[in-house]
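These notes are about the structure you will find just below.
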Protein chains: 2
Amino acid sequence: MSDNNAPTTAQRIHDSALTLFASYGYEGTSLSQLAEAVGIRKPSLYNHIDSKEGLFMDLVEEVERAFFDELDRSVESHADAPVETRVLALVSDLSRFMLQADKGTFHKRYLLFPPRPLLAEVRQITARSEARIDVALRCFYAQGIEEQLWHTLTEREFLDAFYVLVDGLFTERFLYSVDEYDRRVASVWPIFWAGLQR
Amino acid sequence: MSDNNAPTTAQRIHDSALTLFASYGYEGTSLSQLAEAVGIRKPSLYNHIDSKEGLFMDLVEEVERAFFDELDRSVESHADAPVETRVLALVSDLSRFMLQADKGTFHKRYLLFPPRPLLAEVRQITARSEARIDVALRCFYAQGIEEQLWHTLTEREFLDAFYVLVDGLFTERFLYSVDEYDRRVASVWPIFWAGLQR
DNA sequence: TTCGCAAACGAACGACTGTTAGTCTAGCAG
DNA sequence: CTGCTAGACTAACAGTCGTTCGTTTGCGAA
């Protein structure tokens, strides 16, 4: 067994596919394109993948699992902190995830505009994360009550506001640099947090 | 000249294309699909369009112009109102635009993930609206100063917060009904507005 | 050395892509 | 009635799509 760490062909296919799907979308990426990026011929791809659909779904599963883990880790790791810390940590951690060049873009793409024939499969995979966020947020809201943070805020309002915040942050209508993004979070978080406690 | 108001073939192509591009994307929509939706054969499309790209760009131009007009109208029509009214009106008007089933989805799609070969052309068309929003927001911020509304808020923060709000609202991670959407706006707006004046 | 196997290959598949050319027909203008 | 034209048609184009087949190559194990 050779212990060099040069990337295997399978890994290079995986990485190139993620990049291409992220920038060109599923239908906008052809296997010829992918093969060229990897540096092999198109039919050779099939020594490593089952089908284009299978490749795509594998990537969706992997990225979604990474997203879920990041989410879960963030919620668990500040379990004893005040709610303000926990919510801000969640925003920051998810932001960091979304800022990963290919993973973040790919994630947003299949969340918002999955390839139509794969819509059902994709939604089934993303459902777990959605549910996890919901649970975490309800927990945060309850903790906020114990801390007597909210004055008029309902749980529904808290959930809506949080989703608007993160979806808004993650929507890069322009191409942000990381610095610009951090500035945006720093700008908007205090406004958001003050609003919740109105 | 007949004065019946049955839709012309050109209009039916236009409408069907908008629907298909919105749900399947540019690369995900074929001319066969479009022709079938219209009820004619694929080559007959070319009596009314120049090319698939041309059809797409025409739709982009039209929808973007509609977006710009809605934007402009909203800003102008409340020119003498207090800034809170004006900002809320802008959010509501843009929301109403984005809620139009096909136009809204199509708009978000080409804004976030335009077909790669047309990226430059699309960006050139959307630039006008971006600039218009920026001007309006700076104007609103200045008006807020006159009204002594802001306490610590900078212009940069105001812009960032506004963009996060509307982008967040327009990101339908789930498929909202119109009622649900209105509820979301009603939930989040007071939080957002209170935060701005903190 | 030989065997087996993973992996890359060229050739080709049928289906479909966007697009063009040429033909036919229905309806309006003269 | 005649002629023009807009618009739909069939047929076919060259090219690309995702995918399969059978073969070859190179390397590690026996």
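The values are calculated or read from the model by the stated rules, or taken from the named source; none is laboratory data. Remember, it's a predicted structure, so these values are computed and weren't measured experimentally. Cβ atoms come from the backbone with ideal geometry, glycine included; neighbour counts cover every protein chain shown. All accessible areas refer to the heavy atoms of the entire protein, side chains included, with ligands and DNA or RNA removed. Shrake-Rupley method; radii C 1.70, N 1.55, O 1.52, S 1.80 Å.
Using θ = phi - 60° in the Karplus curve 6.51 cos²θ - 1.76 cosθ + 1.60, the 3J(HN,Hα) couplings for segment B:114-121 round to x, x, 4, x, 9, 3, 4, 4 Hz; x is entered for Gly and Pro.
Excluding ligands, DNA and RNA, the accessible surface per residue across the protein assembly as shown is 48 Å² with a 1.4 Å probe. Let me make sure I get this right: for segment B:1-49, a, b and c are the square roots of the gyration tensor eigenvalues over alpha carbons, sorted descending. Under 1.5 in a/c it's rounded, otherwise prolate if a/b > b/c, else oblate. Which is it? In terms of gyration-tensor shape, prolate. Counting only protein heavy atoms and using a 1.4 Å probe, the accessible area of B:S30 comes to about 50 Å². Here B:D179 yields copy-to-copy label distances, from shortest upward, of 5.0 nm, the label point defined as 7 Å from Cα along Cα to C-beta. Backbone geometry of segment B:24-29 corresponds, through the Karplus equation with coefficients 6.51, -1.76 and 1.60 at θ = phi - 60°, to 3J(HN,Hα) couplings of 10, x, 5, 5, x, 10 Hz, x marking Gly and Pro.
Excluding same-chain neighbours fewer than eight residues apart, the lysines reachable from B:K52 by a Cα-Cα span under 16 Å are B:K42. Listed by chain and number, the lysines placed with their C-alpha closer than 16 angstrom to that of B:K108 are A:K108; residues fewer than eight positions away on the same chain are left out.
Across segment B:30-36, computed HN-Hα scalar couplings (Karplus, 6.51 cos²θ - 1.76 cosθ + 1.60, θ = phi - 60°) run 9, 5, 5, 3, 4, 4, 5 Hz from first to last residue, x flagging Gly and Pro.
Positive end of the dipole of segment A:81-198 (Cβ unit charges, origin at the Cα centre): among A:W189, A:A120, A:H151, the Cα lying farthest that way belongs to A:A120. Computed from protein heavy atoms with a 1.4 Å probe, the total accessible area buried between B and A is close to 3900 Å². Taking a straight line from the alpha carbon of A:K103, these aspartates and glutamates sit under 15 Å away, with near neighbours fewer than eight places off in the same chain left out: A:D15, A:D58, A:E61, A:E62, A:E64, A:D69, A:E70, A:D93, A:E172.
Three principal axis extents describe the C-alpha atoms of chain A; from largest down they are 63, 40, 32 Å. Within 10 Å of the Cβ of each residue in A:20-29, the mean number of Cβ atoms contributed by other protein chains is 4.
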